[in-house]
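Participant: Just passing along the structure, written as structure tokens.
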Amino acid sequence: MLLPLYQVDAFSDRPFAGNPAAVCPLTEWLPEATMLAIAAENNLAETAFFVPKSGEEHQYEIRWFTPTVEVELCGHATLASAHVLYRHLNFQQSEIVFHSKSGPLRVSRAENGMLTLDFPARPPKPLPRHPDGLVDGLGATPLALLAGPDLVCVFASEAEVRALRPNQARLAEVEFRGVIATAPGSGEIDFVSRFFGPRVGVPEDPVTGSAHTTLVPYWAERLGKTSLHARQVSARGGDLWCELRGDRVLMSGHAVTYLKGEIELGEV
């Protein structure tokens, strides 16, 4: 059995930046264990699999796997999947609808080639106490904590976020999917962030779309604006142009193909 495989750098307009995702288009679902094995073999933050949705023309079902677990929402691998459809699979419609465990996710393409994700907003709520392992894990004490699907740690400056050198073993003890460090940006950048997910097999994610479904509502309220330019300040780095629109978060970015190939499987 031969399966197509693409590797795409998402939230970047050039190779070797942004967040690399593997994308595997399917005609029907593989066994879950096989998809997880493929994701582990790819050894990227996420591998996305999608299949045409039965009875719905131009719509797809999508699932995402880290090297160790399936996740319920992933931004960069959804952006990468849309890029594959538009760039390599001759998708001609103005909007792609992916159906996921987090509901329908829409992706549209602008004339400049930028792709826009339409995801559910997931605003965080203040968290009064420091979870066990957090301060030791980060090696720093946040000014404020907020809880959403991920733990949001607010710092005073971009320099503090960039300087973090987490103890990944300790950070994995924090009982959240991921730990986000964030701070105000400067110049044209409204806010910066980093994302650590050792609990789900991702020590540091280069650019995390799903984290911005929580960050954008927080920073929109704090800064008093609904259009925000965000930068994830990982080693690879990436930019997202975001908008809070009611209970939805729009996130726009570029994507570029790094490689195309095939997976050769035996009987599954």
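The values are calculated or read from the model by the stated rules, or taken from the named source; none is laboratory data. Here the structure is a predicted model, which means the values were calculated and not measured. Quick reminder, even Gly has a Cβ in these numbers, built from the backbone with ideal geometry, and neighbours come from all protein chains shown. SASA here: full protein model, heavy atoms, side chains in, ligands and nucleic acids out. Shrake-Rupley method; radii C 1.70, N 1.55, O 1.52, S 1.80 Å.
Participant: Based on the Cβ-Cβ distance from H229 to A144, what FRET efficiency comes out when R0 is 25 Å, to the nearest 0.05?
Facilitator: The calculated FRET efficiency here is 0.70.
Participant: Same structure again: I need the P(r) histogram for the stretch 1-41: all alpha carbon pairs, bin width 5 Å from 0 out to the longest distance, whole percents.
Facilitator: 5, 20, 25, 20, 14, 11, 4
Participant: Between beta-carbons, use under 11 Å as the cut-off and find the net charge around L36, counting Lys and Arg +1, Asp and Glu -1.
Facilitator: Taking every other residue near L36 into account, the sum is -2.
Participant: Please sort 163-170, 141-148, 195-202 by packing, taking for each peptide the average over its residues of neighbouring beta carbons within 10 angstrom, highest first.
Facilitator: For the peptides 163-170, 141-148, 195-202, the packing ranking is 195-202, 141-148, 163-170.
Participant: Just reorder W241, W219 by solvent-accessible area, largest first, 1.4 Å probe, all chains present.
Facilitator: Ranking W241, W219 by accessible area, largest first, yields W241, W219.
Participant: Which whole-number percent of Cα pairs in the stretch 92-189 have a distance greater than 16 Å?
Facilitator: Tail of the P(r) past 16 Å holds 65 percent of the pairs.
Participant: Another question, if that's okay. In angstroms, what radius of gyration and Dmax does the stretch 174-268 have, counting Cα atoms only?
Facilitator: 15.9, 55
Participant: Something else about it: Compute the semi-axes of the equivalent ellipsoid of the chain, taking the square root of 5 times each eigenvalue of the Cα gyration tensor, and list them largest first in whole Å.
Facilitator: In descending order, the three semi-axes are 30, 21, 16 Å.
Participant: Can you tell me the accessible area per residue over the chain, all protein chains present, probe 1.4 angstrom, in square angstrom?
Facilitator: I get 44 Å² per residue for this part.
Participant: Shifting gears a bit: Can you pull the three principal axis extents for the Cα set of the stretch 137-182, in Å, largest first?
Facilitator: 25, 21, 13
Participant: Could I ask something else about it? Calculated from DSSP H runs of 4 or more alone, at -39500 (n - 2.57) each and per residue, what is the 222 nm mean residue ellipticity of the chain, nearest 500?
Facilitator: Computed ellipticity for the chain at 222 nm equals -5500 deg cm²/dmol.
Participant: Mind checking the angle between helix 32-42 and the chain's longest principal axis? C-alpha axes, 0 to 90 degrees, to the nearest 10.
Facilitator: The answer is roughly 70 degrees.
Participant: Where does the Debye-calculated log10 I(q)/I(0) of the stretch 1-102 sit at q = 0.22, 0.24 Å⁻¹, using only Cα point scatterers of equal weight, no solvent?
Facilitator: -1.23, -1.44
Participant: Keeping all protein chains in the complex and leaving out DNA, RNA and ligands, what accessible area do you get for H130 with a 1.4 Å probe, in Å² to the nearest 10?
Facilitator: 90 Å²
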